[in-house]
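All remarks here apply to the structure that follows.
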Amino acid sequence: MTHPASTATAEELARLDEACFPASERWSIAAWSDELLAEDRLLGFRRDGGTLVAAASVRVVAGTADLHRIMVDPRHRGRRIACGLLDEMLRRAGVEAARMLLEVRHDNPAALALYRGFGFRVIATRPDYYGTGAHALVLERGLAGPADASAGAGPSPDPVADKTSRCDKLGDQRGGGLA
């Protein structure tokens with residue numbers, strides 16, 4: 001059984017990253033150290049026993065949350081860990097932001113299904129973002145928004161009303177760094 005963990009080390013995160021992503025897309029220990037120290041980050045972790053099995057990082061700036069990374073150890077996929085972690089990050093980011101953005105490979109059906117299940121929609125494509133023929137889709141979703149949403153359009157409604165069963169509705173998704 002996995003459970004939230006309050007902290008992780010850059011070394012643990014880099015090992016998890018290595019298990020989840022191809023070499024060209026991995027983050028270094030230094031990059032994870034920066035992520036852990038940045039004041040504008042929201043971080044989420046899951047452990048199985050003492051082992052880090054999932055992590056997420058979100059940057060919140062000027063009312064927009066940017067999901068930098070969400071990953072689940074391949075040996076722990078298919079247990080809806082990514083779903084629970086994404087749900088947590090959306091709730092936490094919604095305190096400070098009115099929307100969330102993310103980039104995902106166009107050829108990652110498990111991640112796309114997860115994000116679409118949470119109400120994300122494609123707003124742009126970045127050709128060859130991950131390398132030749134590997135395009136990034138830019139997705140967006142409204143959040144509850146900061147307490148003072150007087151600037152801008154204000155909060156967007158949550159497109160999935162029944163939060164308690166959201167992960168069950170998405171089913172068993174596997175693949176591409178998460179699920």
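Each reported figure results from applying straightforward, stated rules to the coordinates on display, with no laboratory input. From a predicted model like this one, the values you see are computed outputs, not experimental measurements. Please note: Cβ atoms are built from the backbone with ideal geometry, for glycine as well, and neighbour counts cover all protein chains shown.
Per-residue 3J(HN,Hα) values for region 28-41, derived from phi via the Karplus relation 6.51 cos²θ - 1.76 cosθ + 1.60 with θ = phi - 60°, read 7, 4, 4, 5, 5, 4, 4, 4, 5, 8, 5, 6, 9, 10 Hz in sequence order (x marks Gly and Pro). 3J(HN,Hα) along region 69-79, derived from phi through the Karplus expression 6.51 cos²θ - 1.76 cosθ + 1.60 where θ = phi - 60°, amounts to 7, 9, 8, 10, 3, x, 6, 10, 6, x, 10 Hz, with x in place of Gly and Pro.
Determine the shape class of region 1-148: with a ≥ b ≥ c the square roots of the Cα gyration tensor eigenvalues, call it rounded for a/c under 1.5, and otherwise prolate if a/b is greater than b/c, oblate otherwise. Taking the square roots of the gyration eigenvalues as a ≥ b ≥ c, region 1-148 is rounded.
Descending by average beta-carbon neighbour count within 10 Å, the peptides 112-118, 51-57 line up as 51-57, 112-118, the highest first. Extension gain, Tyr129-Ala23: 0.36 nm per intervening residue step, less the Cα-Cα distance, totals 36.7 nm.
In this structure the amide hydrogen of Leu143, modeled in the peptide plane, comes within under 5 Å of the amide hydrogens of Arg99, Met100, Ser156, none closer than 5 places in sequence on its chain.
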